[in-house]
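Structure first, commentary second.
Every number in this text was worked out from the coordinates using simple rules, so none of it is lab data. Owing to the predicted nature of the structure, the values given are computational and were not obtained by experimental measurement. Note: ideal-geometry Cβ built from the backbone for every residue, glycine included; neighbour counts use all protein chains shown.
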Amino acid sequence: MWNVLERTRGLREGLRELPDRVRVSTQLGRQSGLLWSLTRPGLVELAKVFTSASQNPSKIYRVHARNSPTKPALIWRDRTITWAELDDRIDRLSAGLARRGIGRKQSVVLMMKNRPEHIELGAAAARGGAAAVSVSWRSTAKELTYLLNHSGARAIVTEPELLHVVEEASPELSSTLLANVFVVGSEGVRSSKVVAAPLDALLQEPEPAADAGGDDDAAVVVYTSGTTGKPKGAVRKFPKDTMQAAMRFINETPMRVDDVHLVACPLYHSTAFGFLSLSHLLGASVVLMDEFKPEPFLALVERYAVTTTAVVPTMLHRVMELPEETRIRYDARSLRVVFAGGAPLPGPLAIDFMNAFGDILYNFYGATETGLVTLGKPEDLRAAPGTIGRAVPGNDVRLLDDDKREVPAGEVGELYVKNKLLVAGYHKDEEATRSSMVDGYFSVGDLARRDRDGRYFIEGRKRDMVISGGVNVYPAEIEGVLEQHPDVGEVAVVGVPDREWGERVRAFVVPRAGATIDAGALKSFARERLAGPKVPRDFVVLDALPRNPTGKVLKRELRERAV
């Protein structure tokens with residue numbers, strides 16, 4: 001009886017939401033060109049996706065394989081993989097994983113640089129109801145041991161040159177895992193500690209069994225960067241509303257079916273995975289960059305007439321640091337959209353980039369745990385430098401004080417969000433999941449304010465807030481001011497212990513190329529623009545800010561640094 005009531009309630013909710021679903025889908029179809037690109041086979045396959053209880057990313061590959069089988073789906077180095085070839089490889093890899101016991105509710109770890117197998121294996125795991133766990137290829141043996149054991153992985157796929165990390169970790173790994181070590185692009189590797197089979201062996205498996213479904217269990221597990229303590233595994237499922245939430249975001253952008261998207265961030269990072277998924281949802285072609293370097297980035301844009309890409313602000317900074325004669329050597333006029341996120345985007349950097357490349361920069365805010373929450377369009381970035389934009393439709397954002405009450409416009413509160421893309425929780429960490437939630441809203445600990453026009457501004461991490469003489473000081477505000485100084489390239493502000501004030505403000509500054517930092521002049525510059533407690537007492541000049549592999553500044557290291 002209860003099941004009948006639940007199904008009836010679900011049907012009523014679905015009918016109630018139907019007009020909005022149709023509107024969003026129609027807008028996307030017309031605006032992106034998807035509607036005009038669909039053939040009958042593609043339309044039939046797409047209908048199956050929309051009516052399915054699960055909308056994991058592996059389904060979209062089937063749609064485009066039927067719709068445009070010969071169109072390039074992936075381009076890597078000098079290799080092109082069509083949609084039909086990609087879907088076939090996903091099927092065969094999924095069958096191979098399943099026959100080794102890696103199927104429903106199991107997980108496989110992927111540790112490799114950007115290459116097609118990363119995407120193929122992620123979709124292959126999802127197609128069989130398994131979870132793909134992406135980890136940094138820079139992981140040490142100690143870090144990898146924790147990630148493999150905490151995720152409960154039954155297999156790992158890596159590159160031959162990274163196998164030594166698995167070997168070093170092997171004494172603390174299970175025999176089940178060590179029996180399922182695979183390497184890409186190799187004949188296989190055998191050592192005294194690890195026997196690694198070539199990944200291509202999985203492609204030799206027979207066709208998948210008829211009951212190879214189970215994709216309602218599919219998930220992607222992304223471990224947070226762990227700038228404080230052990231990383232947490234955010235578990236992303238793919239319920240029926242996933243596609244709708246993705247379409248809402250795309251409708252706020254100029255993304256199109258005929259795009260060529262360049263993946264410049266590492267694929268273990270949510271930015272790369274998220275925007276690759278959005279591009280592949282539309283059927284766009286994707287170019288994979290092994291590892292970001294500024295001049296090769298521009299060379300790829302020119303070579304493939306790239307139209308969209310997603311980067312972290314550090315990458316924009318490095319592009320703008322190139323000599324102007326180097327930048328203009330490459331034709332980047334094909335670029336229509338550059339998404340920036342993953343870390344604060346300084347207002348001056350955004351303006352400099354748009355002055356050089358045009359008003360094509362979109363600043364987004366989101367997190368592994370929340371998906372995409374806000375979007376700042378070029379006009380927002382010019383009108384209100386430093387903004388992360390307005391909430392994307394489908395996101396309910398609240399800024400709460402320490403008593404969990406909403407703060408008024410202009411005041412700072414902890415940012416909580418509710419949407420259809422919230423993660424299912426943290427793997428094996430119910431307490432962390434509970435402590436991040438308030439009435440169904442999720443927070444990753446960011447502080448923000450909202451102006452009267454509905455634009456949001458990140459003021460830093462809650463744990464990074466400085467309390468000096470009883471006054472709350474938000475590092476992002478100070479950083480935004482100092483970044484306006486012509487001699488400052490990058491800056492990070494932290495609080496350090498002070499006997500009189502409790503904490504005092506310290507600024508770590510990286511000068512622009514060819515400039516030198518005069519601490520006295522910089523302090524005067526800050527005094528003219530900031531209230532007394534916000535003016536840094538100390539200025540420390542560095543050649544570079546310490547960052548993790550995804551570009552976030554490691555403020556813990558700065559606080560611990562002796563001067």
With Rg/Rh (Cα atoms, Kirkwood Rh) defined as stated, name the option among (1) 1.11; (2) 0.97; (3) 1.06 computed from the structure displayed. (2)
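For Glu500 and Asp88, compute 0.36 nm times the residue count separating them, minus their Cα-Cα distance, and round to one decimal in nm. Intermediate results must be reported in sequence, preceding the final value.
Numbers: separation 412, 0.36 × 412 = 148.32 nm, distance 6.69 nm.
Length gained between Glu500 and Asp88: 141.6 nm.
Classify region 70-152: rounded, prolate or oblate, from the alpha-carbon gyration tensor (a ≥ b ≥ c, eigenvalue square roots; a/c under 1.5 rounded; otherwise prolate if a/b is larger than b/c)? Could the numbers behind the result be given before it?
Working: a/c = 3.37, a/b = 1.37, b/c = 2.45.
It comes out oblate by the Cα gyration axes.
Out of all DSSP beta bridges with both ends in region 264-457, state the antiparallel percent to the nearest 5.
Values: 21 of 28 bridges.
The answer is about 75 percent antiparallel.
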Helix 347-357 axis, angle to the chain major axis (alpha carbon atoms, nearest 10°): 60
If I take R0 = 45 Å and measure r between the Cβ atoms of Arg40 and Glu161 in this structure, what FRET efficiency does the formula 1/(1 + (r/R0)^6) give, to the nearest 0.05? 0.45
How charged is the neighbourhood of Ile517? Take every other residue with its Cβ under 12 Å from the Cβ of Ile517, and add Lys/Arg as +1 and Asp/Glu as -1. -2
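With a ≥ b ≥ c the root eigenvalues of the C-alpha gyration tensor of region 456-541, is it rounded (a/c under 1.5), prolate (a/b larger than b/c) or oblate?
Details: a/c = 1.86, a/b = 1.48, b/c = 1.26.
Prolate.
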Alpha-carbon centroids, region 90-127 and region 232-293: separation in whole Å: 18
On a 0 to 90 degree scale, rounded to 10, what angle separates helix 40-50 from the longest Cα axis of the chain? 60
Thr368 neighbourhood, Cβ < 13 Å, K/R = +1, D/E = -1, net charge +1
Summed residue charge, Cβ within 14 Å of Glu411's Cβ, Lys/Arg positive, Asp/Glu negative: -3
For Ala141 and Thr80, what is the calculated FRET efficiency with R₀ set at 51 Å and r taken between the beta-carbons, to the nearest 0.05? 0.90
R0 = 25 Å: FRET efficiency of Asp401 with Arg434, Cβ-based, nearest 0.05? 0.80
Helix 116-127 sits off the longest principal axis of the Cα atoms of the chain, rounded to the nearest 10 on a 0 to 90 degree scale, by 60
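Per DSSP helix of 4 or more residues, -39500 (n - 2.57); summed, then divided by the residues of the chain. What does that give at 222 nm, rounded to the nearest 500? Can you show the working numbers first?
Working: 20 runs with 198 residues, N = 563.
The per-residue figure over the chain is -10500 deg cm²/dmol.
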So, in nm, how far is label Met354 from label Ser174 when the simple model puts each one 7 Å beyond its Cα toward the Cβ? 5.1
Run through the DSSP bridge list for the chain and note the antiparallel percent, rounded to the nearest 5. 55
What full-extension length gain, to one decimal in nm, is calculated for Gln31 and Arg104 as 0.36 nm per residue of separation minus the Cα-Cα distance? 22.6 nm
Report the GluC sites (Glu not before Pro) located in region 353-432 that are in a DSSP loop and have at most 13 other Cβ atoms inside 10 Å of their Cβ, or state none. Glu411
Checking the a/c ratio against 1.5 first, then a/b against b/c, what shape does the Cα gyration tensor give for region 63-117? oblate
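Report the full-extension gain for the segment Ser191 to Arg537: residue separation times 0.36 nm, less the Cα-Cα distance, to one decimal in nm. It would help to have the intermediate numbers written out before the result.
On the way: separation 346, 0.36 × 346 = 124.56 nm, distance 5.55 nm.
Contour length minus the Cα-Cα distance gives 119.0 nm.
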Give me the percent relative contact order of region 465-560, please, defined on Cα pairs under 8 angstrom at least 6 residues apart. 28
From the Cα centre of region 323-346 to that of region 501-558, the distance in Å is 26
Note down the relative contact order for region 306-420 as a percent, whole number, built from C-alpha pairs under 8 angstrom at least six residues apart. 19
If you find the alpha carbon centre of region 177-204 and of region 448-493, how far apart are they in angstrom? 48
